[in-house]
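This report concerns only the one structure given below.
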Amino acid sequence: MLYCFDYLVKLVSFPVYVFIGLCCHIINIYWENKINGTKPKGLENIGNTCFMNAILQNLAWCPKLEAELEMIKLEEFCKMTKCILQLLKYSHSKEPIDFKPSEVLGAARKKNNRFNGNYQQDSFEMFNTIIEAMEDELQQLNK
């Protein structure tokens, strides 16, 4: 019986640990950006695309991803990967850099026709589409 109680306490407290970890990470990024002088940048909503912008804002706060992608020589067919790299540069640069969310949407539409049209969609589906497109492009580079 005690074992079940311990398990329940651990199960309930796990989300608290995750939340605290995320808060610490966000605070760390905040201070890092404050020192560097960069500020979060908004994204243009091109009509019913807040589901996509939410995912892009999350990806924008992965600066180590930018460093990894910078090391890869991207080919012309790497549309999604180039878009995400441009997003990362846009998000962390002090200089003005052009970034168009419509290019990400176009690349997503080529990968998944669910995003055709101007309809509200699922953020998780967009995240999967972005990651799968990047994975496919990077695998094709390695062939």
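No value in this document is a laboratory result; all are computed from the given coordinates. Every value quoted in this text rests on a predicted model; they were computed, and no experiment measured them. When we count neighbours, we look across all protein chains shown, and the Cβ atoms used for this are built from the backbone with ideal geometry, even at glycine.
How much length is gained on full extension from ASN116 to LYS73, taking 0.36 nm per residue of separation minus their Cα-Cα distance?
That works out to 12.5 nm of additional length.
Near LEU69, within a Cβ-to-Cβ distance under 14 Å, what is the net charge of the other residues, with Lys and Arg +1 and Asp and Glu -1?
Residues close to LEU69 contribute a combined charge of -1.
Report ³J(HN,Hα) in whole Hz for each residue of segment 43-48, in order, from the Karplus equation J = 6.51 cos²θ - 1.76 cosθ + 1.60 where θ = phi - 60°; Gly and Pro get x.
Values per residue, Gly and Pro as x: 10, 5, 8, 8, x, 6 Hz.
Given the Cα-Cα distance of LYS41 and ARG109 and 0.36 nm per residue of separation, how much length would full extension add, in nm?
Residue separation times 0.36 nm, minus the Cα-Cα distance, leaves 22.0 nm.
Show me, for segment 88-104, the HN-Hα J-couplings you get by feeding each phi into the Karplus relation (A = 6.51, B = -1.76, C = 1.60, θ = phi - 60°), rounded to Hz, glycine and proline as x.
The phi angles translate into 5, 4, 4, 6, 10, 9, 7, 7, x, 10, 7, 9, 10, x, 4, 5, 5 Hz.
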